[in-house]
1. What's the number of the condition Gly40 fails, among (1) more than 23 Å from Pro117 (Cβ to Cβ); (2) in a helix (DSSP H, G or I)?
2. If I ask for residues that are surrounded by 18 or more Cβ atoms within 10 Å (Cβ to Cβ), free of Cβ contacts under 8 Å to residues at least 40 places away in the same chain and among the charged types (D, E, K, R), which ones from segment 13-42 would you list?
3. Enumerate the pairs (first residue in segment 115-134 and of a type in the set (D, E, K, R); second residue anywhere and in a helix (DSSP H, G or I) and surrounded by fewer than 23 Cβ atoms within 10 Å (Cβ to Cβ)) with beta-carbon separation below 9 Å, excluding pairs fewer than 6 apart on the same chain, so at least 6 apart or on different chains.
4. Return the residue satisfying two criteria in turn: it lies in segment 153-172 and is of a type outside the set (S, T, N, Q) and modelled with pLDDT of 80 or more, and of such residues it is surrounded by the fewest Cβ atoms within 10 Å (Cβ to Cβ).
5. Take Ser9 and decide whether it is of a type in the set (Gly, Ala, Ser), assigned to a loop (DSSP other than H, G, I, E, B) and at negative phi.
6. What number goes with the only condition from (1) in contact with a Lys or Arg (Cβ under 9 Å, 6 or more places away or on another chain); (2) modelled with pLDDT under 90; (3) under 24 Å from His17 (Cβ atoms) that Asp142 does not pass?
7. Which members of segment 66-87 meet the condition of being buried (at least 16 other Cβ atoms within 10 Å of the Cβ), among the hydroxyl-bearing types (Ser, Thr, Tyr) and either modelled with pLDDT under 95 or touching a Pro at 6+ places or on another chain (Cβ under 8 Å) (or both)?
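The values are calculated or read from the model by the stated rules, or taken from the named source; none is laboratory data. What you see is a predicted model; the values in this text were computed from it and never measured. Glycine also receives a Cβ, built like all others from the backbone with ideal geometry; neighbour counts cover every protein chain displayed.
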Amino acid sequence: MKRLRTRVSDLDQRRRHRSTARAMLSLDPEPESWLDIGTGDARFPAVAKELFPYTSFDGLDTTTAVLGAREAERVEEAYLGTPSDPHITKALTARYDVVSVLNPVKDLAAALTFLRPGGHLLMETATAGAAEAVRTELAARDCTLLPTNRHPALDRLSRTTRVIARRDPSPA
């Protein structure tokens, strides 16, 4: 019985990851580069690669699981640390077309620095209240909030609330 529950849980996670990746298809059907923050063993990038086969996926995590993900070729580059780590920030500034955060980070500003101008941030939060706080912070940081194309009833039924934003180019 435990094996069946584990299998169902894995299938549910895969379905949620696919739905999350699919949210980017209409906004950026072929991003060149994508960073998954908090990637762990990179299950999300592995699923997203099915929809974005020509995209280079990288992972950032605070655990060594990200190194195993690189060895298993679920991500091309693996970064061990936090988004606000100065060495990581310096190396990854304005490098990505898409940054996904499925486990919200404390330092949203650092995550935004990894996006190229016009790049997209794809975030999922645990509650609608947390999502509203993220939306407010993104608007204050000159990001354009985009519709998620997710029916409101799905947000209520889902364990997460999705937020998508585009980093606007800096005024010259």
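1. Failing condition for Gly40: (2).
2. Asp41
3. Glu124/Arg16; Glu124/Thr20; Glu124/Ala131
4. Per the stated criteria, the residue is Pro169.
5. Details: of a type in the set (Gly, Ala, Ser): yes; assigned to a loop (DSSP other than H, G, I, E, B): no; at negative phi: yes.
No, not satisfied.
6. Of everything listed in (1) in contact with a Lys or Arg (Cβ under 9 Å, 6 or more places away or on another chain); (2) modelled with pLDDT under 90; (3) under 24 Å from His17 (Cβ atoms), Asp142 misses just condition (3).
7. Of everything in segment 66-87, just one residue is buried (at least 16 other Cβ atoms within 10 Å of the Cβ), among the hydroxyl-bearing types (Ser, Thr, Tyr) and either modelled with pLDDT under 95 or touching a Pro at 6+ places or on another chain (Cβ under 8 Å) (or both), namely Thr82.
Table: residues versus (1) touching a helix residue (DSSP H, G or I) at 6+ places or on another chain (Cβ under 9 Å); (2) in a strand (DSSP E or B); (3) farther than 22 Å from Glu77 by Cβ.
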{"position": "His120", "(1), (2), (3)": "no, yes, no"}
{"position": "Ala131", "(1), (2), (3)": "yes, no, yes"}
{"position": "Arg135", "(1), (2), (3)": "no, no, yes"}
{"position": "Thr144", "(1), (2), (3)": "yes, yes, yes"}
